[in-house]
1. Which numbered condition in (1) of a type in the set (Phe, Trp, Tyr); (2) in contact with a helix residue (DSSP H, G or I) (Cβ under 9 Å, 6 or more places away or on another chain); (3) modelled with pLDDT under 95 is the only one that PHE5 fails?
2. Quick one: how many residues across region 39-64 are assigned to a loop (DSSP other than H, G, I, E, B) and out of contact with any strand residue (DSSP E or B) (no Cβ under 8 Å at 6 or more places or on another chain)?
3. Condition first: touching a strand residue (DSSP E or B) at 6+ places or on another chain (Cβ under 8 Å) and β-branched (Val, Ile, Thr). Now tell me which residues in region 65-80 satisfy that.
4. List every residue pair whose Cβ atoms sit under 8 Å apart, with the two residues 6 or more apart in sequence or on different chains, where the first one lies in region 65-82 and is touching a residue at least 60 places away in the same chain (Cβ under 8 Å) and the second, anywhere, is of a type in the set (D, E, K, R) and not in a loop (DSSP other than H, G, I, E, B).
5. Assigned to a strand (DSSP E or B) and among the basic types (Lys, Arg): which single residue out of ARG69, ARG74, ARG36 fits that description?
6. Look at CYS11 and say whether it is in contact with a His (Cβ under 6 Å, 6 or more places away or on another chain), part of a loop (DSSP other than H, G, I, E, B) and either at pLDDT 95 or above or over 25 Å from LYS76 (Cα atoms) (or both).
Amino acid sequence: MTLPFRKCPVCGGEMVVKKVEKLLRGGGNTAMLKVRAEVCLHCGERLYSQESVRRFEEIRTKLQRHETRGFRLRGKSFEVAM
């Protein structure tokens with residue numbers, strides 16, 4: 001697989017493809033996805049494909065509208081005052 005970016009556009013570090021966890025929030029809801037991304041080994045910058053970014057936008061919209069049918073419930077989230 002050829003990487004679109006050989007060097008990190010932020011720091012110039014080496015980029016590798018990894019499976020990462022991405023958290024998306026909307027409407028008080030949170031979704032966790034496992035997705036492939038190019039990750040900088042130096043600074044940790046993540047670059048996602050256009051297809052992934054479009055999917056993120058779709059999921060955020062569904063979360064904002066509370067349209068979570070088809071999403072699997074995994075635990076609970078809590079807000080803690082400090």
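1. Answer for PHE5: the failing condition is (2).
2. Restricting attention to region 39-64, the residues satisfying the condition of being assigned to a loop (DSSP other than H, G, I, E, B) are 41-45, 48-49.
Of the ones still in play, those that are also out of contact with any strand residue (DSSP E or B) (no Cβ under 8 Å at 6 or more places or on another chain) are 43-44.
Adding up the residues that qualify gives 2.
3. The answer is THR68, and nothing else.
4. Matching pairs, first to second residue: none at all.
5. Working: ARG69 fails: assigned to a strand (DSSP E or B); ARG74 fails: assigned to a strand (DSSP E or B).
One residue alone meets the criteria, ARG36.
6. Values: in contact with a His (Cβ under 6 Å, 6 or more places away or on another chain): yes; part of a loop (DSSP other than H, G, I, E, B): yes; either at pLDDT 95 or above or over 25 Å from LYS76 (Cα atoms) (or both): yes.
Here the answer is yes, as CYS11 does meet what is asked.
Table: residues versus (1) within 12 Å of the chain's Cα centre (by Cα); (2) surrounded by 12 or more Cβ atoms within 10 Å (Cβ to Cβ); (3) farther than 30 Å from MET15 by Cα; (4) of a type in the set (S, T, N, Q).
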position: VAL35; (1), (2), (3), (4): yes, yes, no, no
position: TYR48; (1), (2), (3), (4): yes, yes, no, no
position: ARG55; (1), (2), (3), (4): yes, yes, no, no
position: ILE59; (1), (2), (3), (4): yes, yes, no, no
position: LYS62; (1), (2), (3), (4): no, yes, yes, no
position: THR68; (1), (2), (3), (4): no, yes, yes, yes
position: GLY75; (1), (2), (3), (4): no, no, yes, no
position: VAL80; (1), (2), (3), (4): no, no, yes, no
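The values are calculated or read from the model by the stated rules, or taken from the named source; none is laboratory data. These numbers come from a predicted model, not from an experiment. Cβ coordinates were reconstructed from backbone atoms using ideal geometry, including for glycine residues, and neighbour counts include every protein chain displayed.
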